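See structure below.
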Amino acid sequence: RVRVFLLISFRLFLDGEAQVLLKQQQTSVTKGKTKTAQIDCIAEGIDDFQNAYIHWYHHIPSKGPKRLLYIKSAQEISYDEDSYRSKYLPTKKEKNVCTLSVTGIDLSDEGTYYCAYW
């Protein structure tokens, strides 16, 4: 089994005007090899969430965080590496939830995943 750790929350202050809170309610997800893990990011304080850019990162403790992708909409997803297209699928659902699906889980997927907004 592969354990995926999640950052609980991330706060961002934009020019002292607005406070954005991104929450990941799951503290960890454990999945068997070849399974799919889904990680939700709940956004508060983003007025136009459906048009907001949400970034996803993967952090392995011995290395620095690595951005995987960002999503604005289902039609506008930008992957940092082409190989990520078959591994990671972001979706926006409801009015303020962005989900990252990690497919074909293997040992290299272990680590901390977190979302960010700017």
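Read the figures in this text as sums done on the coordinates, not as results from a lab. Computed from a predicted model, the values in this text were never measured in an experiment. Using ideal geometry, Cβ is built from the backbone for each residue, glycine included, and neighbour counts are taken over all protein chains shown.
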Check: Excluding same-chain residues fewer than 8 positions from Lys23, which aspartates and glutamates have a Cα within less than 12 Å of its Cα?
Finding: Asp40, Glu44
Next item on the list: Place a label point 7 angstrom from the Cα of Ser83 along the Cα-to-Cβ direction, then list the residues of region 20-56 whose backbone nitrogen is under 18 Å away.
Entry: 34
Next item on the list: Pick out, in residue order, every one of the GluC sites (Glu not before Pro) in region 37-118 that is DSSP loop and has at most 13 other C-beta atoms within 10 Å; say none if there are none.
Entry: Glu81, Glu94
Notebook entry, point to check: How big is the Rg/Rh ratio for region 2-117, C-alpha atoms only, Rh by Kirkwood, two decimals?
Noted result: 0.95
Next item on the list: Using the 2.2 N^0.38 Å rule of thumb for compact globular proteins, work out how region 23-82 stacks up: its C-alpha Rg over that value, please.
Entry: 1.30
Margin query: Which aspartates and glutamates, if any, have their Cα less than 14 Å from the Cα of Lys31, not counting same-chain residues under 8 positions apart?
Written below: Asp106, Asp109, Glu110
Check: In the neighborhood of Lys95, defined by Cβ-to-Cβ distances under 12 Å, what is the net charge if each Lys or Arg adds +1 and each Asp or Glu adds -1?
Finding: -2
Next item on the list: Find the Cα radius of gyration of region 59-118, compare it with 2.2 N^0.38 Å by division, and give the number to two decimals.
Entry: 1.15
Check: Could you give the nm distance between label points at His59 and Leu107, where each point is 7 Å from its Cα heading toward the beta carbon?
Finding: 2.4
